[in-house]
Structure formats: C-alpha cells, structure tokens
1. What helices (runs of 4 or more DSSP H), lying completely within region 2-102, carry at least 3 residues that are buried (at least 17 other Cβ atoms within 10 Å of the Cβ) and modelled with pLDDT of 75 or more?
2. Suppose the filter is in contact with a helix residue (DSSP H, G or I) (Cβ under 8 Å, 6 or more places away or on another chain), of a type outside the set (Ser, Thr, Tyr), modelled with pLDDT under 85 and in a helix (DSSP H, G or I); does residue 159 pass it?
3. Just one of the numbered conditions (1) surrounded by 15 or more Cβ atoms within 10 Å (Cβ to Cβ); (2) at pLDDT below 85; (3) within 30 Å of residue 79 (Cβ to Cβ); (4) within 24 Å of the chain's Cα centre (by Cα) is not true of residue 173; which one?
4. Could you please let me know if residue 106 is under 22 Å from residue 45 (Cα atoms) and modelled with pLDDT of 80 or more?
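The values are calculated or read from the model by the stated rules, or taken from the named source; none is laboratory data. What you are looking at is a predicted structure, and each value in this text was computed from that prediction instead of being measured. No Cβ is skipped: glycine too gets one built from the backbone with ideal geometry, and neighbour counts run over all protein chains shown.
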Amino acid sequence: MAAAVATFIPAFVRKPCRHCEPRYYSDPVEWLIDQGMLIGFVLIVASVACITASVVVTLSIEFPRREHYRRLAKGDDADRSRPDEKIVTALLGGPSPLRVTCVALGFWVATVSWFSLSATLEGADGQAPLAGHDWGDLLYVSFVLFGVLVLLEVFAEHEQRVTAATVRSAWPSIEEVQVDDVTASAAVRRRRPRRR
C-alpha cells in the first residue's frame, strides 16, 4: 500500500490527467516528486523481493518434503509409512511449492512490465533520471519471464497430478473413502427393489 501511494502521488502531481501536459515545479517540490517516485519503486521492488525470498525458503523446504512422501507412497511398505491425514490432504489438493513459485514469478512479470512502461513514458517526457535511456529492453525481459511462467505453470500442473495420483493410490484419504462409501450405499439403495 505504501509503495502504491508513494508512486501514485508524485505521478498525479506531475500529470494530473491523461491529456494534461506534464507539470514542472521549482524546488523543493520537484525534488520531492523525484524522491517520491524513487521511494515508490524501491518499495515495490523490496516487496517483490521479500515475497520471492519467502517463496525460495518455502520451495527449499516443502519440495524435498513433498518428494520424500511421494517416494514413500511408491515404496513397498507404503501402508506402514502412511503420514498424518492433514499431510495426505495437503498432498492431494493443497497448493504445490511450484504453484507458489508461479505466483512469485507473476509478481516479477507485473513489476518489470510496469517499470518498463512507466520509465519509457517518463523518459519520453524528459523526466530525469529516466530520460536518455532505452527502457524497452525491460519489456522483452518481462515477455521472457512470462514465457517461463507459462512453462512452469504447465510443469506444476503435471507435478500436482502425478503426486495426487501416487498418493491417492497408496493412501486413500479418509474423506474420499467416506464419500465413496456414501455413494456406494446410495447406489445399493437405488438398485434394491421396493417391497410391495
């Protein structure tokens, strides 16, 4: 929120409406505008970096743990090594670490795209220190990141299906067993002839 406010207010002061000409002020207003936009950008990057760091920590802990349970499910003694029901439920339907990584990568795609477009527009208006630089290459970087995001999402979907199928075959969830029992009982009642 602070990053959005620190970015929006200087941009609004600089250009109050879409078709307005950029406005320039004397110091210290001009200095405050520049510093506000810089602080907003730094806060946005810091927020995304913190999210990325938390995702990296989660991925380094949860992905090996997920692989461990999948190996147990494939083992010969899977029945004796069944984990807690909460773990089974999380393996069947919880968000995988790769899906969480996709969310973090999506933040980076949005951040790089936003900065590229904003820097290009501000540089075209002669706004220092963005003027005189070609920021279009960052937009290509965002396209590459988006392509990586799509591929990672496809791989995450495949990994989730494989993990769920492996865990479900070795350790049927209690809730799924209960639902299957209720469904089977209902089917038996429908097939049972009525007494006259």
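1. 29-74, 85-93
2. No; evaluated as a whole, the condition is false for this residue.
3. Unmet for residue 173, out of (1) surrounded by 15 or more Cβ atoms within 10 Å (Cβ to Cβ); (2) at pLDDT below 85; (3) within 30 Å of residue 79 (Cβ to Cβ); (4) within 24 Å of the chain's Cα centre (by Cα): (4).
4. Values: under 22 Å from residue 45 (Cα atoms): yes; modelled with pLDDT of 80 or more: yes.
So residue 106 passes the test.
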